[in-house]
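Engineer: Below is the structure I would like to discuss, written out as structure tokens.
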Amino acid sequence: MKILSLLKWLIILALIVAASVAILVSIKLKAPATTESLPRDFEIRKGDTAGQIVNRLQDEKLVRNKLLMGIYLRWKNAEDKLQAGVYILNSNMTIPEIVQILSQGKVKANGVRLIVVEGSTVADVAVLLQNREIMKAEQFTRIAGVNPQYDFAEEFAFLKSKPETASLEGFLFPDTYVFKNNSDAVAVAKKMLENFGRRVTPEMIAEAQIQKRSLYDVLILASIVEREVGRNYKKGTKLSEQDLQKLAEERRIVAGIFYNRLSLNMGLESDATLQYVTGSESSRATIVETKIDSPYNTYKYRGLPPTPIGNPSLDAIKAAINPTETDYLYFLTEPDGTAHFAKTLDEHKKNRVLYLD
């Protein structure tokens, strides 16, 4: 009996270990190489082995762990399904997404590459589409702007938290896309919304609901965090892994600060929300601008603005769903984007002298 009992516990322990390993692997499979969007061409040549392909994916920093990639390929019996061709891959793709693209032969399409950067607005995207000769700006604005002429909510359940007359601001996922000239505006918007649905998972939406926050409110806050917290480098330079980790930490803290201010019925006092109204490129609002009578003026009106002020990155959305709890109520960012935090107004004033004045 003792042997049977011991065997029983060994089996239970083995099942627990197996379940834990499965959960860990699942988490790592869903973790992209970077949270930053870094698209690039990737070529599979005829005769390349799965091992050679996996090695190059890691060398080009498109996957973080080649061993995990190799295991996933074997598990899916996809080692012999990787097809030759030139692909557009992004370092913010997960291993399953990359394998799906490479095994289904989704090669680089003939068309125009469109890079929607984090924080872009619907208006920005419309102008970009026109500049790239994909469509006229007003064509996109009609179906993605205020009072949209197409109801996407029937196809995308996550849009149900969006007011019917509101634009798609916040839902046009920042990424690299390929479109043909004279594309249909509805099809272009759908492609961006489909990407949003893949990136912002049902689990993330459920987590927000547990916290009694609608997805729309999460996106509003995330869009503010996106514009308020960043890193300013010379064009062409890329953030290091250390910088990206620091940025993610700062965004979670700032999201927590905004939630602290909301809970205390304090104004968010975000310069970014005013920039959305004024179109100013300055990172700091003027005294005159803080007097503007607009629901987006978070100096004048408390609570969240009525809509997102841009299309936030996945990192900013995650920060708004899982903020860092602190006693901070104030923050500021240096010209290079580094954030500094304070618990009191006096501490905040000292930070202004140290880092801004």
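Engineer: Pick out, from segment 159-229, the helices (runs of 4 or more DSSP H) lying fully within it that include 1 or more residues that are among the hydroxyl-bearing types (Ser, Thr, Tyr), assigned by TED's automatic domain parsing to the domain that holds LEU314 and closer than 15 Å to ILE317 by Cβ. Can you show your working first?
Structural biologist: Values: elements: 185-199, 202-210, 215-228.
Result: 215-228.
Engineer: Search segment 157-176 for residues that are over 17 Å from ALA187 (Cβ atoms) and pair each with any residue that is of a type in the set (Ser, Thr, Tyr) and surrounded by fewer than 17 Cβ atoms within 10 Å (Cβ to Cβ) when their beta-carbon atoms are under 9 Å apart and the residues are at least 6 apart or on different chains.
Structural biologist: From residues that are over 17 Å from ALA187 (Cβ atoms), the pairs are SER161/SER214.
Engineer: Name the residue, out of ILE309, ILE317, that is modelled with pLDDT of 90 or more, under 30 Å from ASN90 (Cα atoms) and not in a loop (DSSP other than H, G, I, E, B). Spell out how you get there, then give the answer.
Structural biologist: On the way: ILE309 fails: not in a loop (DSSP other than H, G, I, E, B).
The unique qualifying residue is ILE317.
Engineer: Hey, any hits in segment 96-112 for a residue that's touching a strand residue (DSSP E or B) at 6+ places or on another chain (Cβ under 6 Å), part of a strand (DSSP E or B) and touching a residue at least 40 places away in the same chain (Cβ under 8 Å)?
Structural biologist: Yes, the conditions are met somewhere in segment 96-112.
Engineer: Name the pairs: first residue in segment 341-357 and on the phi < 0 side of the Ramachandran plot, second residue in a loop (DSSP other than H, G, I, E, B) and loosely packed, with under 14 Cβ neighbours inside 10 Å, Cβ to Cβ under 6 Å, at least 6 apart or on different chains?
Structural biologist: LYS343/ASP327; TYR355/GLU334
Engineer: Here's something else I'd like to know. Among what's in segment 243-275 and is within 18 Å of the chain's Cα centre (by Cα) and not hydrophobic (A, V, I, L, M, F, W, C), pick the residue that is surrounded by the most Cβ atoms within 10 Å (Cβ to Cβ).
Structural biologist: Restricting to residues being within 18 Å of the chain's Cα centre (by Cα) and not hydrophobic (A, V, I, L, M, F, W, C), the top hit is ARG251.
Engineer: Sticking with this structure for a sec: Return yes when GLU281 is more than 18 Å from the chain's Cα centre (by Cα), without any contact (Cβ under 8 Å) to a residue 12 or more places away in the chain, over 26 Å from ILE205 (Cα atoms) and surrounded by fewer than 20 Cβ atoms within 10 Å (Cβ to Cβ) and no when it is not.
Structural biologist: yes
Engineer: If I go through segment 285-315 residue by residue, how many of them are in contact (Cβ under 8 Å) with a residue 24 or more places away in the chain and among the charged types (D, E, K, R)? Quick ask: steps written out before the conclusion?
Structural biologist: Going residue by residue through segment 285-315, those that are in contact (Cβ under 8 Å) with a residue 24 or more places away in the chain are 297-315.
This time we only want the ones that are among the charged types (D, E, K, R), so: 300, 302, 315.
Residues meeting the conditions: 3.
Engineer: Further question on the same structure: Tell me the residue from ASN147, ASN131, ASN181, ASN195 that is over 17 Å from TYR276 (Cβ atoms) and in contact (Cβ under 8 Å) with a residue 24 or more places away in the chain, please.
Structural biologist: ASN181
Engineer: Any residue in segment 60-81 that is closer than 25 Å to SER223 by Cβ, out of contact with any helix residue (DSSP H, G or I) (no Cβ under 9 Å at 6 or more places or on another chain) and of a type in the set (A, V, I, L, M, F, W, C)?
Structural biologist: So far as segment 60-81 goes, no, none of its residues is closer than 25 Å to SER223 by Cβ, out of contact with any helix residue (DSSP H, G or I) (no Cβ under 9 Å at 6 or more places or on another chain) and of a type in the set (A, V, I, L, M, F, W, C).
Engineer: Could you pull out the residue among ALA187, ALA144, ALA222 that is crowded, with 22+ Cβ neighbours inside 10 Å, of a type in the set (Gly, Ala, Ser) and closer than 23 Å to ARG132 by Cβ?
Structural biologist: Every option except ALA144 fails the conditions.
Engineer: Would you pick out the residues in segment 320-348 that are outside any loop (DSSP other than H, G, I, E, B) and not hydroxyl-bearing (Ser, Thr, Tyr)?
Structural biologist: Within segment 320-348, ALA320, ILE321, PHE331, LEU332, ALA339, HIS340, PHE341, ALA342, LEU345, ASP346, GLU347, HIS348 qualify.
The values are calculated or read from the model by the stated rules, or taken from the named source; none is laboratory data. Note that the structure is predicted; figures quoted are calculated from it, not measured. Reconstructed Cβ throughout: ideal geometry from the backbone, glycine too, with neighbour counts over all protein chains shown.
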